[in-house]
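Reviewing the structure listed below.
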Amino acid sequence: MSLIALIASGMLSGLASVLLRLAALRAATPSVGEWVPLLLRVAAIGSYGVGFVLYALALRKASLGVAYPLMVAVSILVVLAFTALHEQVLKPTQLVGAVVILGGVWLVTRPA
């Protein structure tokens, strides 16, 4: 259960970041009504909130040293996927950085 909660928390955190980015892009577009960026920001706050609750539940059983890196790694993957699919091609250094982060998370979360 704690692993599922951590993964969901990371996904929701990444989703919130994506929603905030979309809100910023929509706010810069004059043809979009003011309510669209507002709704995106409210959805981002809700996503952060639900993710926080899931993270708090996961910490009941998972250690902080494992839980936080795992949650952040999932969040980074969501943001990188959005960036690669909708905004720009990832540079090789960004891909290497993501692999290094994921490798570090794998090392931290392995049983001793």
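Since every read-out is calculated from the coordinates, none of them should be taken as a lab result. In this text the structure is predicted, and so the values were computed from the model without any measurement. With ideal geometry, Cβ positions are generated from the backbone for all residues, glycine too; neighbour counts draw on all protein chains shown.
A few comments on the model shown:
- If you run the Gaussian network model on the chain, springs between alpha carbon atoms under 10 Å, then out of ALA58, ALA81, ALA44 the most flexible one is ALA81.
- Relative contact order (%) - criterion: Cα under 8 Å, at least six apart; region: region 2-109: 37
- Estimated dipole of region 2-109 in Debye, rounded to 20 [Cβ of Lys and Arg +1, of Asp and Glu -1, Cα centre]: 140
- Selected from VAL18, THR93, THR83, residue furthest toward positive end of dipole (the chain; charges at beta carbon): THR93
- Packing order of peptides 61-72, 97-108, highest average first: 61-72, 97-108 (average count of other Cβ atoms within 10 Å over each peptide's residues).
- Values of log10 I(q)/I(0) for region 1-108 across q = 0.11, 0.24 Å⁻¹ run -0.41, -1.19, by the Debye formula with one identical scatterer at each alpha carbon and no solvent.
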